[in-house]
């Protein structure tokens, strides 16, 4: 039950709550076996104790015999050559759920490649493997590879592949297959094979191929890496024939591994950038909107340089770590300023129409523009350079006045230089005055956020604001990295100081449930060697799709603090159902049917312990939160994953 005072606030005095928030945020926020009978001496033989039975079901003697030796031994395999190709590419890891259709490559990675570059990541589900790749690529700046079993493994992987596609993230996806029908064994090899496996995913991969020779594989693997990592980035897929992996190499000297030369990201046209520079310098109230702009650590300082030159407002859609959260020009939580803008520059914005429109879906769906009539809208990015028709991830068409095709991060230095050349003393004075107004508004926004965070401070369930404030209080002096949050959980961006490129890595892209836990683990893997403290806050419904991720975290000793935002519901859908019932005048008392996770409640800490991960909870009392966080953070800093199950309010 909530502990509320008469004014609707919670227990502790207002001053103490505000002081806490100020301190927490303002500084830089049984194995199955048959029992063995007692040993009995046999006449003529010394007494011997039988060996303990191994775990698992007892097998007949014939089933425990090693498989018969192949009639012909071999000293090399196609898989060996594939590993040699991988070692020329910048691929550190190969995520997989083991299967027979890629046993040749699997064995070669271990024994020919020494299980290094790539190193195998054992995943209990293909969706986990791909989502780990998605989170890893956004933090490491390079892809990892994953491989799945035939069409059935690929079907498991597709949700994560679609999220990565929508998020424009490179993942090297491979699938085992048996191309020739006369080579498939009876049984599973038939329903698990396909003529064209990639047909299942072709609408949400950037490129695919099915090599029929080792030389073909070498060239396609290099091409796949290059295509995946060239903006706009996206997953690619290679279907690998089992015989190609397993058979001996006929003539190794005839095979050649092509050199990988990465493409330079395309810059926007200089003339168009010059026209944009004139528009920005002449504008009275320019606004920059950014989304998936920062590809590398260079992206954020480049955007800061442009914004500070103009002293203009920046709105971050949080698709990447684009702009410091505490910067005076960051106006992400003052979107009303779009109504005052005379020039709007959108940098790698995924859904521009959605950003520039107020949309309503109650009774009759309707929308109104947020920007004023006559405002000039300019886009700079690669979003429109590669689209497909079926899946509608590209959003509604938005009219613009100037569309510059080019990678925004790569184009910013040229744009900023042209802006600087156009700024005279009179414009500089106007810019400085504008910047001071924006800075004052930013300070007011921060103070408002700290005040809002005190509401319900001592309530149970625990407020999301208190969780985020308590967490930041304990990690703010560490080299932390937040790599995932629940749906629409904006408190960290309101309260914390995101000041470095690795502080944040964006959301799922496609909104597919099951992203946060494995993608956070992939990002934690990228952070591991850098000694960063990786944290994530994920929804309970999202967790239930991929709980096996925790075993991978424990097995590979990947340090990650994962907090389950346990509101015991698919709460977004719960609210939608309430709205629909109210719309029809039928009451909202039954909206819990099909939308909540109760009867019984789920004990996520116990689940974590079962997978070998430190778990604590469910935590209901807000006074228990800080000590639990401290214990979990200590565990993560020792190199282990940890999970806290926190019973929280809805959002």
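Here's the yes/no breakdown for (1) modelled with pLDDT of 95 or more; (2) surrounded by fewer than 20 Cβ atoms within 10 Å (Cβ to Cβ); (3) under 30 Å from residue 638 (Cβ atoms); (4) in contact with a helix residue (DSSP H, G or I) (Cβ under 7 Å, 6 or more places away or on another chain):
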{"position": "412", "(1), (2), (3), (4)": "yes, no, no, yes"}
{"position": "419", "(1), (2), (3), (4)": "yes, no, no, yes"}
{"position": "433", "(1), (2), (3), (4)": "yes, yes, no, no"}
{"position": "437", "(1), (2), (3), (4)": "yes, yes, no, no"}
{"position": "444", "(1), (2), (3), (4)": "yes, yes, no, no"}
{"position": "458", "(1), (2), (3), (4)": "yes, no, no, yes"}
{"position": "465", "(1), (2), (3), (4)": "yes, no, yes, yes"}
{"position": "488", "(1), (2), (3), (4)": "no, yes, no, no"}
{"position": "492", "(1), (2), (3), (4)": "yes, no, yes, yes"}
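Scan the helices (runs of 4 or more DSSP H) fully inside segment 488-586 and keep the ones with 2 or more residues being in the same structural domain as residue 362 (by TED's automatic domain parsing) and under 23 Å from residue 617 (Cβ atoms).
Helices (runs of 4 or more DSSP H) meeting the threshold: none at all.
Condition first: in contact with a strand residue (DSSP E or B) (Cβ under 9 Å, 6 or more places away or on another chain) and buried (at least 22 other Cβ atoms within 10 Å of the Cβ). Now tell me which residues in segment 166-191 satisfy that.
Correct list: 170, 171, 172, 173, 174, 175, 176, 177.
Out of all the residues in segment 460-487, which are part of a loop (DSSP other than H, G, I, E, B) and within 19 Å of the chain's Cα centre (by Cα)?
Hits for segment 460-487 are 483, 484, 485, 486, 487.
Condition first: in contact with a strand residue (DSSP E or B) (Cβ under 7 Å, 6 or more places away or on another chain) and in a strand (DSSP E or B). Can you find one or more residues in segment 631-638 that meet it?
no
Which members of segment 255-281 meet the condition of being assigned to a helix (DSSP H, G or I) and in contact with a helix residue (DSSP H, G or I) (Cβ under 8 Å, 6 or more places away or on another chain)?
270, 273, 274, 276, 277, 278, 280, 281
For residues that are in contact with a helix residue (DSSP H, G or I) (Cβ under 6 Å, 6 or more places away or on another chain) and in a loop (DSSP other than H, G, I, E, B), scanning just segment 285-315, find the one that is surrounded by the fewest Cβ atoms within 10 Å (Cβ to Cβ).
297
Might you let me know whether segment 339-354 holds any residue that is at positive phi and under 21 Å from the mean Cα position of the chain (by Cα)?
Yes: one or more hits.
The values are calculated or read from the model by the stated rules, or taken from the named source; none is laboratory data. Please read all numbers here as calculations on a predicted model, not as lab measurements. Counting neighbours? That spans all protein chains shown, and the Cβs are built from the backbone with ideal geometry, glycine included.
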